[in-house]
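Please treat every number below as a calculation from the coordinates, not as lab data. Everything numeric in this text was worked out from a predicted model, so none of it was measured. Heads up, the Cβs are rebuilt from the backbone with ideal geometry, glycines too, and the neighbour counts pull from every protein chain shown.
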Amino acid sequence: MTTDSTTAVHDAHDDHHPTEKQYWVVFVILGALTALEIYWAEAFREPGGGILVWPLIIMMVIKFLLVAGAFMHLWFDMKILNGKLFTWAFMGALVLAMAVFAIVFAAFEFQV
Amino acid sequence: MTDVLDENLDDANVFAGNEDAVDGDGHGTDDHGHGGGHHSSLGLSNMKLAMWLFLGSECLLFGALISTYLLSRARFIQELLAGNPNVTSTMPDFLVEEFQEAGSVQPLFDIPFTSASSFILLMSSLTMVLAHKAVHEADYRNSKIWLSATALLGSVFIAGQVYEFTAFYREGLTYTGNLFGSAFYTLTGFHGVHVTGGIIMLMSLLVLAFRGKLNQDRAETVELVGLYWHFVDIIWVLIFTIVYLIP
């Protein structure tokens, strides 16, 4: 490969990864979400142990997506891989795994 | 050890069909300029694909552990509230009373302390991506700083987990005492072992860096370790919310 084409690959690679500033922004958002989670868990805990769980789950999912998407470069690699076999294999396995866990949970019933 | 790591990296490049990446000194010089390995028909380098497959299997492992924890905790609480002596006799009376009063295991946890640990692990993910970026841009001085920071933050997290386990054990929650203790220690312990494995990988990279062998050609190696490290961080994001925050 010539020097020019190597440089082109370098540039393409750089285009698909976040900048340092973007990493810091993602980190600040993650930190803020963690603080919000803790506040929510403490402030909305009822005396009987009940809590509004769904906001916590939503915040957890957002944090999951931020780390996987930005830090693990999934958003950026997906742009390169869009439509390729890996994307379908990855998404198919993910959906299958989630379905299996949902079925396992649904199948359990406790009796004291 | 680093010589072995060196040879393994070269072998991995050859295995990936990327013989051009290995020169006489063991330095990669592939077409991509980042030790990127050969791109498979799936559109991803073989090394990266292997790491993703490994992480996929890890998803199943932790999925099973988290599911087991949730089911075990639910059963434990049900039996505790029903006053089952087989369960209540496994812990000190004050802990049983606290759990029964709250209707959950939350009184055991020190949320501010665990929150600090979570923040430390999140911060280590940031330093990891900055380390990868530094190696990618041939900024070797900063790459050493960020790799060291990541290993240090991971070590602080592990130290916190050891402290937490010790505190819980002293309060009366043992590994073999009851279903909740077994599930809790297994889940968080497995995560701790993974973090420790990540720290060992980071230390290996640091040794390579200080010997001048972690150059731009090996940016993908740093990225692969980063993928593992971020995965461990993601698992903690789930554990923190599911185990510590949701009753």
Note: among B:Y244, B:Y228, just one is out of contact with any Asp or Glu (no Cβ under 7 Å at 6 or more places or on another chain), within 14 Å of another protein chain (Cβ to nearest Cβ), among the aromatic types (F, W, Y) and within 23 Å of B:F54 (Cα to Cα), namely B:Y228
Among helices (runs of 4 or more DSSP H) entirely within the range B:124-239, at least 2 residues that are among the polar types (S, T, N, Q) and within 15 Å of B:T114 (Cα to Cα) occur in B:140-171
Filtering the range B:115-148 down to residues that are among the hydroxyl-bearing types (S, T, Y) and within 22 Å of the chain's Cα centre (by Cα) yields B:S115, B:S117, B:S118, B:S124, B:S125, B:T127, B:S143, B:S148
Within the range B:231-241, the count of residues that are buried (at least 21 other Cβ atoms within 10 Å of the Cβ), within 9 Å of chain A (Cβ to nearest Cβ) and among the hydrophobic types (A, V, I, L, M, F, W, C) comes to 4
Among residues of the range B:114-131 being at the interface with another protein chain (Cβ under 9 Å from one of its Cβ atoms) and closer than 18 Å to B:D217 by Cα, the residue surrounded by the fewest Cβ atoms within 10 Å (Cβ to Cβ) is B:L130
